[in-house]
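All of the numbers you see were taken from the coordinates with simple rules; none came from a lab. Note that the coordinates shown come from a computational prediction; the quantities given were computed from them, not determined experimentally. Don't worry about glycine lacking a Cβ; one is built from the backbone with ideal geometry, like all the others, and counts go over all protein chains shown.
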Amino acid sequence: MRLVEKKMLSALYGERNYKSGNTEVRDGKVYLHGNHIATKVGYDVFPNLETLTNWPTATTKSRLRALGFNVRQRDGYVYINNELLSVACRKGSDLFYKVEGIYP
């Protein structure tokens, strides 16, 4: 895990705002290049699947992995938590996936 990702997690779970380069934590939301990529609600984190669909970059996937999501790309297709991203998006909500209790 990169140092910026460790600091991002610390700020997110410490309920502090943080900005370093292209990564920002503000009011419980994580942004990459100004694009919302995840939201923390209590101890749960929800990815923004729309952003991942539009910008499936290595950095977006890395930040989501740091948040506890299994994000990978194979044969040009993006998978999140072992489900094809386009299928996950059709389930109707960017709140479909979450990581529970990363930190107690």
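Within region 1-38, the residues that satisfy the criterion of being free of Cβ contacts under 8 Å to residues at least 40 places away in the same chain and hydroxyl-bearing (S, T, Y) are S10, Y18, S20, Y31. Of the residues making up region 16-61, those that are part of a strand (DSSP E or B) and over 22 Å from G76 (Cβ atoms) number 18.
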